[in-house]
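Please read the structure below before turning to the comments.
The values are calculated or read from the model by the stated rules, or taken from the named source; none is laboratory data. These numbers come from a predicted model, not from an experiment. As a convention, Cβ positions derive from the backbone with ideal geometry for all residues, glycine included, and neighbour counts pool all protein chains shown. Just so you know, the surface numbers come from the protein's heavy atoms only, side chains and all, with ligands and any DNA or RNA stripped out. Shrake-Rupley method; radii C 1.70, N 1.55, O 1.52, S 1.80 Å.
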Amino acid sequence: MNKQPAYAKKSGPLNGHAVVPGDKSISHRSIMFGGLAEGETIISGLLEGEDVLATAEAMRKLGATINKDDDGLWRCYGVGAKGLRESAEIIDMGNSGTSIRLLIGVVSGYAISTFFVGDASLSKRPMNRVMNPLKEMGAEFISRDQGRIPLAVKGAPSLRAIDYVLPVASAQVKSAVLLAGLNASGKTQVTEPAACRDHTENMLRHFDVNIDITKDDEGRRVISLEGGQTLQGCAVDVPADPSSAAFPVVAALLCPDSEVDVFGICYNETRNGIYKTLIEMGADIEILRSYDQGGETVVDMRVRGGKTLQGIDVPADRVPSMIDEFPVLAVAAACAEGTTRMVGLEELRVKESDRLALVAKGLAEAGVELEEGADNLTIHGTGKPLKGGNTVETMHDHRIAMSFLVLGLASDEPMHIDDASPIRTSFPNFISLMRGIGATIEADDAASGNNVLRFEGEL
Ligand code: S3P
């Protein structure tokens, strides 16, 4: 796919109502679980980004019927107890780590062979973390080194249940084991070193699966389920994505006199670390309303910009609840006054890109004083606008692309990114939403040839 260079330049005040798309984690799971369930699942508010569409296509290839209807709702008719069908085609997971890791868990429990590929970014990411426990359960794999794709899974109809302590606080690994456990004989149990997003547990319950959640002697969450349970189709109302909302929120905070409302944001305790952190930095974020939407806590918030944020130490135990938000937090920290210390970031090196390296490089080139460690980042802000003016390589990473565009709205010179196209994976209306509240984000003509219209049409 052609690269789509873009830039953002000093903007503001930003004003209005930002309508953020559905949560990516919940969207993936609603399609996957709907595709596995017996009967009909009706999904409203689904994120129609490339990653979720890849999950839908994969579930279709495995036998589920999944369609978007004229009423805007997605309807899944799942395979139910009769189970998944072997896909005659290779399944392309594009850029999506969540799709492939959860689906590897799903297909492991059926007597089928499944072949996965993905894009250049996904091809670098380790799948060992899901393959290891699934091998213990009885699934077989062929892959490149360290479990990199292309990868083949030979599932087993009679998996063994395991008791697994996650080596890293990863919701994807937890989910893969639990989903395989649905087809194992006996009780599958997963212990988390630190609480990570709990959408799989919440949503499996919503699909009528019995699942137990307790704490062990060390206070770690222990999640268990009995094999042989069939999911029942249901209605899912996907709340807005707190990870996506963080981009217009930080943009509004950095542009003086801004006032932006963001409604219906999923405010699950395992996801809201970025908002707690920004508020501790002095951000003017007002929670207007907090309510329940389909079992998730959801909030409406109003964000006012212009107040200089203050550097803080981000607590290490908060990392899992804001694991995807460090690139945009680093942008906020770079514009804050004082030092922000972020620790426990080793997982950032194996996301869609090595986020720690790309953030440090992009910010340093934009004029920020910082120190990058193996698993930490310290940023020294001056409280004054950054120089900017550099071009950031996004390496197929949507959140790197959006973070540096947000930075450009507050830096003296425009910030350029080499490729805006990965934004489609999670936030297809990002450019139009940001323009709608007053941001200047443009296709980079000079670098790419005259591609303004294509850029407008596609993002
Ligand atoms: C996700 C889990 C997280 C997160 C990813 C979505 C999920 O990954 O970074 O964007 O939906 O389960 P890890 O499990 O690798 O931490």
Worksheet entry | the chain - percent relative contact order, Cα under 8 Å, separation 6 or more | 20
Discussion item. Students often forget the sequence filter, so: which aspartates and glutamates lie under 19 Å Cα-Cα from residue 307 once same-chain residues fewer than 8 apart are removed?
Written reply: 257, 259, 261, 280, 284, 286, 337, 412
Fill in: Length gained when the stretch residue 210-residue 432 is fully extended (0.36 nm per residue, less Cα-Cα span)
75.7 nm
Response to the item:
The FRET efficiency for residue 152 and residue 82, from their Cβ-Cβ distance with R0 = 22 Å and rounded to 0.05, is 0.40
Item to complete: Over all alpha-carbon pairs in the chain, figure out the percentage whose distance exceeds 38 Å.
Response: 21
Worksheet item: Once label points are set 7 Å from the Cα along Cα→Cβ at both residue 44 and residue 128, what is their separation, rounded to one decimal in nm?
Response: 4.6
Worksheet, complete the sentence: Probe 1.4 Å, heavy atoms of protein chains only: per residue, the accessible area of the range 374-450 in Å² is 32
Worksheet item: Measuring from label point to label point, each 7 Å out along Cα→Cβ, what is the residue 185 to residue 120 span in nm?
Response: 4.8
Discussion item. What is the sum of charges, Lys and Arg at +1 and Asp and Glu at -1, for the other residues whose Cβ falls under 9 Å from the Cβ of residue 26?
Written reply: -1
Worksheet entry | For the chain, calculated [θ]222 nm from helices alone, where every DSSP H run of n ≥ 4 adds -39500 (n - 2.57) | -8500 deg cm²/dmol
Worksheet, complete the sentence: From the Cα centre of the range 315-352 to that of the range 5-79, the distance in Å is 27
Practice prompt. Give the distance, in whole Å, between the Cα centre of the range 190-244 and the Cα centre of the range 376-414.
Written response: 35
Practice prompt. Return a whole-number percent for the relative contact order of the range 24-226, with Cα pairs under 8 Å and 6 or more residues apart as the contact set.
Written response: 16
Discussion item. Sort 172-180, 259-267 by packing, meaning the average of other beta carbons within 10 Å per residue, with the highest value first.
Written reply: 172-180, 259-267
Worksheet item: Round to a whole number: what % of the accessible area of the range 267-364 belongs to carbon and sulfur, probe 1.4 Å?
Response: 48
Item to complete: Between residue 349 and residue 259, with labels modelled 7 Å along Cα→Cβ, what's the label distance in nm to one decimal, could you check?
Response: 4.6
Worksheet item: Of the heavy-atom accessible surface of the range 24-226 (probe 1.4 angstrom), what whole percent is carbon and sulfur?
Response: 47
Response to the item:
The whole-number value in µm²/s of the Stokes-Einstein translational diffusion coefficient for the range 306-454, with Rh from the Kirkwood sum over alpha carbon pairs at 37 °C and 0.692 mPa s, is 210
Worksheet item: Taking a temperature of 25 °C and a viscosity of 0.890 mPa s, what whole-number D in µm²/s does Stokes-Einstein yield for the range 24-226 with Rh from Kirkwood over alpha carbon pairs?
Response: 146
Worksheet item: Which value, in Å², gives the accessible area per residue of the range 24-226 when a 1.4 Å probe is used on the protein heavy atoms?
Response: 37
Discussion item. For a Förster distance of 30 Å, can you work out the FRET efficiency between the beta-carbons of residue 412 and residue 442, rounded to the nearest 0.05?
Written reply: 0.95
Practice prompt. Take the Cβ-Cβ distance between residue 297 and residue 71 as r, set R0 to 25 Å, and report the resulting FRET efficiency rounded to the nearest 0.05.
Written response: 0.40
